[in-house]
1. Label points 7 Å out from Cα along the Cβ direction at residue 88 and residue 62: separation in nm?
2. Could you sort out which of 16/64; 144/211; 16/206; 32/206 sit more than 19 Å apart by Cα distance in this structure?
3. How big is the Rg/Rh ratio for the stretch 4-295, C-alpha atoms only, Rh by Kirkwood, two decimals?
4. May I ask for the net charge around residue 25, where only other residues with Cβ less than 15 Å from the Cβ of residue 25 are counted and Lys, Arg are +1 while Asp, Glu are -1?
5. Return the FRET efficiency for the residue pair residue 115, residue 52: r is the Cβ-Cβ distance, R0 is 25 Å, and the value is rounded to the nearest 0.05.
6. Here is the link list: 229/289; 137/289; 45/273. Which ones come out longer than 19 Å on Cα distance?
7. Can you list residues from other chains, or at least 5 along the same chain, whose modelled amide H is less than 5 Å from the amide H of residue 291?
8. Calculate, in whole percent, how much of the Cα-Cα pair population of the stretch 173-254 lies beyond 18 Å.
Amino acid sequence: MLTGLSFQAPSVEMRKLNNIWFQLTGFTCNLKCRHCYLSCNPTNKTKNFLNMDKIRKTLDEVDKSGLEEIYLTGGEPLLHRDINNIIRHCIKYTDVTIITNGTLINDKKARFLRQIEIDNDYEIIFRISLDHYEERKNDEIRGKGSYKKILGGIKSLVNNGFNPIITAVNLWEEDEATFKNGYFKLLSEFNFEPSEINLKIIPPVKAGEYKKNYSGYGENDFVTAENIKNCAPENFDCFNTRLIAEDGVYVCPALVNDPRGKIGETLSDSPNKFFLELNTCFSCRGVNKKLFNNDWHLSK
Ligand code: SF4
Ligand code: SF4
């Protein structure tokens with residue numbers, strides 16, 4: 001793999017596949033956020049939607065004994081026309097987390113999905129992006145009108161017994177306590193008593209739209225043997241995760257728009273070892289915890 005690095009980057013070796021991500025809708029999304037590191041939008045068709053067959057085949061192929069979570073992502077995964085069947089299929093194996101912007105969720109949809117959860121042994125977990133607790137600041141990033149729709153989605157989920165996780169990028173660099181309190185206050189206004197596990201604050205991945213509208217990585221923003229010293233490999237998503245897109249297997253959700261992140265056509269021909277040569281890996285090193293996976297389990 002050619003990156004121009006003059007040193008051998010550290011590597012992470014996947015020991016067991018615990019988390020499978022399915023990129024259902026390529027880079028197609030109904031929103032067009034200013035910080036989207038995948039540059040998703042309504043007209044981005046650079047990757048096709050994933051079909052049900054590929055999901056079935058992948059799940060047939062994996063060792064289910066280690067499987068802890070299946071993630072459905074995009075773009076916006078709820079735009080997939082087979083989404084209900086996909087959820088019904090995946091939830092037979094383990095918990096399913098849906099990474100969504102929440103704008104397509106209403107009471108009817110939430111009630112329907114809750115019934116799927118009740119009919120199965122595993123949970124459906126929603127991760128919904130809301131980038132600020134104030135309407136103006138969220139809409140500045142996610143688009144006018146998005147705040148109201150996202151809150152509508154969260155309310156529908158809460159009313160139907162779900163316990164969603166809210167994901168935020170703190171683009172205003174507010175101090176963490178103020179930022180968290182703003183969310184907690186907002187969410188508690190509609191009978192949702194959030195706790196720490198309901199808020200996942202992540203740093204930006206400086207690619208795609210973020211790079212265009214804010215900034216990219218610096219020339220020294222790489223993982224090195226020296227700066228990774230205090231990080232354990234199990235703290236990185238790539239330690240126990242792979243993403244399946246329509247065109248193959250990617251090492252992690254961050255690198256699905258980077259050809260260097262593609263490691264195989266199927267899981268069985270994909271290597272376990274990955275060298276952390278890309279700038280994005282520097283974001284994982286910075287937080288020294290899983291940037292993409294849930295690192296907790298919510299109770300029903
Ligand atoms: S950040 Fe999420 S909601 Fe926004 S454009 Fe990207 S995929 Fe869509
Ligand atoms: S971006 Fe993060 S999860 Fe992905 S390969 Fe690099 S270190 Fe691993």
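Here, each number is a calculation from the coordinates, and none is a lab measurement. Everything quoted here is computed from the prediction, not taken from an experiment. Positions of Cβ are backbone-derived with ideal geometry, glycine not excepted, and every protein chain shown enters the neighbour counts.
1. 2.1 nm
2. Beyond 19 Å between Cα atoms: 144/211; 16/206.
3. Checking Rg against Rh, the ratio lands at 0.94.
4. Summing Lys/Arg as +1 and Asp/Glu as -1 gives +1.
5. 0.80
6. Checking Cα-Cα distances, 137/289; 45/273 exceed 19 Å.
7. 237
8. Result: 68 percent of Cα pairs exceed 18 Å.
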